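One structure is given here, and the rest of the page talks about it.
Values quoted throughout were computed directly from the atomic coordinates according to the rules given, and no laboratory measurement underlies them. The shown structure was predicted, so the numbers you read here are calculated from the model rather than taken from an experiment. Neighbour counts run over all protein chains shown; Cβ positions are idealised from the backbone, glycine included.
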Amino acid sequence: MTISMIVPSYNQAKFLRETLESLINQQGVAPHEREIIVIDGGSQDGSVEIIREFAPHLVYWVSERDRGQTHALEKGFARATGELQGWLCSDDVLEPDALRTVLDAFTADPQLQFLYGDASWIDEESRLLKHKKEIPFNWFIWAYDHNYIPQPSAFWRRELFQAVGGLDESLHLAMDCDLWARFAQRTEPRHLRKVLSRMRLYADQKTTRLLDKSKQERRAVCERYGARFGDRWRPLAAKGLRVGWKFATGCYW
């Protein structure tokens, strides 16, 4: 079994090396069990030189102008051949045993279609900020409170991605939220209580910088799949359920 990892990037030379090293140095994963595809949007900050350095470990890379991150991901997934898929933004990193854990989980259960683990938050200098333990998937909580599926810790079968039609290029910030919703319509997302990735939080990070727009896109996505935000009780109830569930299962310590 092979897992295809897409790395979309644009002017992220400061973090790109660490991202690629985290993919290449996966413990217990043979080269034939992974394929790494880098789609760069025409960076001018030294990213291309870093990508060239790692080229022997990549099955494909390109640096050219594109229509944004979602388009870059679509280009990458069009090249992917692995039975499993995921993506890693060029400022995030995988835990050293993440891909081995994922490959073993999907191999052990042929019925498993979509898996997500936990994540840690790190700062601009890669210092740990906190571990973010999550709960199993619950549509009501996920739709009305928070998209708590950490994108770099999410993995799926290629056949599922193809069945739902891939990513929606009209979305620039909540494309993962939209994809999870369509996955959840076809299969039960499975939560693995294990940290699989480290997500970077810093002022210039895309989601942080465009937080209001990100919230608007996410709300529109949830409404697309049946959520109704006309009153306050649903968000309040979802928040209460999530906090209570996390307390009860030890997610806060």
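See the values below:
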{"quantity": "Sorted by Cβ neighbour density within 10 Å, fewest at the top, the residues GLU169, GLU64", "calculated": "GLU64, GLU169"}
{"quantity": "Fewest-first sequence of TYR225, TYR10 by Cβ atoms within 10 Å of each Cβ", "calculated": "TYR225, TYR10"}
{"quantity": "Cα convex hull of the range 120-253 - mean projected area over all directions, nm²", "calculated": "8.8"}
{"quantity": "Most to least packed among 117-123, 135-141 [average Cβ atoms within 10 Å]", "calculated": "117-123, 135-141"}
{"quantity": "The chain: proportion of alpha-carbon pairs further apart than 22 angstrom, %", "calculated": "54"}
{"quantity": "Label point distance in nm, GLN27-GLU125, each placed 7 Å from Cα along Cα→Cβ", "calculated": "2.6"}
{"quantity": "GLU18-ARG224 FRET efficiency (beta carbon distance; Förster radius 30 Å; 0.05 resolution)", "calculated": "0.30"}
{"quantity": "Between 0 and 90°, nearest 10: helix 233-248 axis offset from the chain longest Cα axis", "calculated": "70"}
{"quantity": "Over the chain, relative contact order from alpha-carbon pairs under 8 Å, at least 6 apart, %", "calculated": "22"}
{"quantity": "For VAL195, residues with placed amide H under 5 Å, excluding near neighbours", "calculated": "ASP118"}
{"quantity": "Rounded FRET efficiency, nearest 0.05, which uses the C-beta distance separating HIS71 from PHE140 and R0 of 30 Å", "calculated": "0.40"}
{"quantity": "Cα pair distances exceeding 16 angstrom across the range 112-196, given as percent", "calculated": "55"}
